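Q: Input: one structure, supplied below.
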Amino acid sequence: MQLTGKQQRLTIVLLGLILCSIATAMILAALKDSVVYFYSPTNLLEKQTIPERRVRVGGLVKKNEQIYTKTGVVNLFIVTDKKNDITVRFTGILPDLFREGQGVVAEGKIGPNGVFFADEVLAKHDENYMPPEVAETLRRSSKSKTGEPR
Amino acid sequence: MFNFLANPARFNQVTDRLMPATAGLAGLFLSIGIISALIISPPDYQQGDTVRIMYVHVPSAWMALFIYSFIAITSAIGLIWRHPFAHLSAQAAAPIGITFTILCLTTGSLWGKPMWGAWWVWDARLTSVLFLFFLYLGFMALNKAFDDPSRGEKSAAILALVGFINVPVIKFSVDWWNTLHQPASLLRADGPAIHSSMLTPLFLMALGFIFVAVCVLVTRIKVLLLKRRIRLMRINGGKLRS
């Protein structure tokens, strides 16, 4: 079968696109570990990372406790992915959005006792947007259903 | 449709008639959109008034992706059917697309500082959009990198097509990898996660952006058509050829 010039160019463009997509998919799959911005506590425990390597861990804040020392306020909080927890220690000012139940990403190193020493904490907000009144109604209705605050 | 408009004389005729309406709609949607985004719409339950950055940030991100897709499609038409008007429209669209990309990146940065606590992070979403910016830049540079314009537009078209793979990567980056950037609020399985009082101004702004982009695109195509005519006249020694 003899292809006309136009058909030939169409085939080349389509083949090129397909091959480039395959190449990109393979590159991205190979880079999977370095493309993720943070690990979940479960990932981090599985990985058994080298103690001195800087990593980021992300999840929901479970419990936050502040300890007042001579040098300043130390925040000790638990980051969870609902399977595993990790305790994070951070000295400094937390972002405004930081609260229990909020997604956060902490950057730092794992200490020898399994505590994560963070030197930077970023807040991660989710995809939900609503006015305060709607959030309040939602909170109330979920409270009355489960009988306990979220 | 494309073949019909690809004739420069007809393109000018049709767009001249449609231009006032398009410009009017752009002004209308933008003014209603801005008022409802900045004044009428409520603050967010978590982010407060900072959420208003969304009404510029999100439509610019959409436009950046739309226009890149437009460039990729017209580049493919230009390469396969060898149609000069297709390459010309791609060239006309590139500066508009890069402007929306810059708008998206800067508003995102201004939003990131108060909400995340960082102007910039190297997560998959932010990095892939920055890559989109460089693709636009490369496309524009490559178009002008050759003495023979037809070689320039051909190489740029190939770059645009190869870079088109970045568009789905940007879209799904928030699903494929852990990112600091939030996942999609609108195009997601359980429907929009944005309350209707915030969704309306967002759509109004997006419509305004689309009409502005169409106006600028049409004007730029006209200018490029005139430029091409001038070049041909110079080559032909000042004689006007239609």
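The values are calculated or read from the model by the stated rules, or taken from the named source; none is laboratory data. Computed from a predicted model, the values in this text were never measured in an experiment. Here the Cβ positions follow ideal geometry from the backbone for every residue, glycine too, while neighbour counts run over all protein chains shown.
Q: Given the condition among the β-branched types (Val, Ile, Thr), buried (at least 19 other Cβ atoms within 10 Å of the Cβ) and in a helix (DSSP H, G or I), answer yes or no: does some residue in region B:151-161 qualify?
A: no
Q: Hey, any hits in region A:38-47 for a residue that's in a helix (DSSP H, G or I) and touching a residue at least 60 places away in the same chain (Cβ under 8 Å)?
A: The answer is yes, given that some residue of region A:38-47 is in a helix (DSSP H, G or I) and touching a residue at least 60 places away in the same chain (Cβ under 8 Å).
Q: Right, next: Hey, could you check region A:26-37 for residues that are at pLDDT below 90 and not β-branched (Val, Ile, Thr) and say which is nearest to B:Pro168 (Cα to Cα)?
A: Ranking the qualifying residues of region A:26-37, first place goes to A:Leu28.
Q: Inside region B:56-75, can you point out the residues that are aromatic (Phe, Trp, Tyr) and surrounded by fewer than 23 Cβ atoms within 10 Å (Cβ to Cβ)?
A: B:Trp62, B:Phe66, B:Phe70
Q: Filtering region B:173-207 down to residues that are among the polar types (S, T, N, Q) and facing chain A (nearest Cβ under 7 Å), which residue is surrounded by the most Cβ atoms within 10 Å (Cβ to Cβ)?
A: Among residues in region B:173-207 that are among the polar types (S, T, N, Q) and facing chain A (nearest Cβ under 7 Å), the one surrounded by the most Cβ atoms within 10 Å (Cβ to Cβ) is B:Thr179.
Q: Which of (1) modelled with pLDDT under 90; (2) surrounded by 15 or more Cβ atoms within 10 Å (Cβ to Cβ); (3) aliphatic (A, V, I, L, M) is the odd one out, the single condition A:Ile67 does not satisfy?
A: With (1) modelled with pLDDT under 90; (2) surrounded by 15 or more Cβ atoms within 10 Å (Cβ to Cβ); (3) aliphatic (A, V, I, L, M) applied to A:Ile67, the lone miss is (2).
Q: I've got another one for you. Please go through (1) in a helix (DSSP H, G or I); (2) touching a strand residue (DSSP E or B) at 6+ places or on another chain (Cβ under 9 Å) for B:Ser109 and return the number of the only condition it doesn't satisfy.
A: Failed condition: (2).
Q: Could we say that B:Gln46 is without any contact (Cβ under 8 Å) to a residue 24 or more places away in the chain, touching a Leu at 6+ places or on another chain (Cβ under 8 Å) and of a type outside the set (Ser, Thr, Tyr) here?
A: yes
Q: Within region B:162-172, identify whether any single residue is farther than 17 Å from B:Ala86 by Cβ, surrounded by fewer than 19 Cβ atoms within 10 Å (Cβ to Cβ), more than 14 Å from chain A (Cβ to nearest Cβ) and of a type in the set (Val, Ile, Thr), and answer yes or no.
A: So far as region B:162-172 goes, no, none of its residues is farther than 17 Å from B:Ala86 by Cβ, surrounded by fewer than 19 Cβ atoms within 10 Å (Cβ to Cβ), more than 14 Å from chain A (Cβ to nearest Cβ) and of a type in the set (Val, Ile, Thr).
Q: Can you tell me which residue within region A:103-116, out of those that are buried (at least 17 other Cβ atoms within 10 Å of the Cβ) and not small (Gly, Ala, Ser), is farthest from the other protein chains (Cβ to nearest Cβ)?
A: Here the answer is A:Ile110.
Q: Please go through region B:22-33 and pick out each residue that is surrounded by fewer than 17 Cβ atoms within 10 Å (Cβ to Cβ) and under 13 Å from B:Leu202 (Cα atoms).
A: B:Ser31
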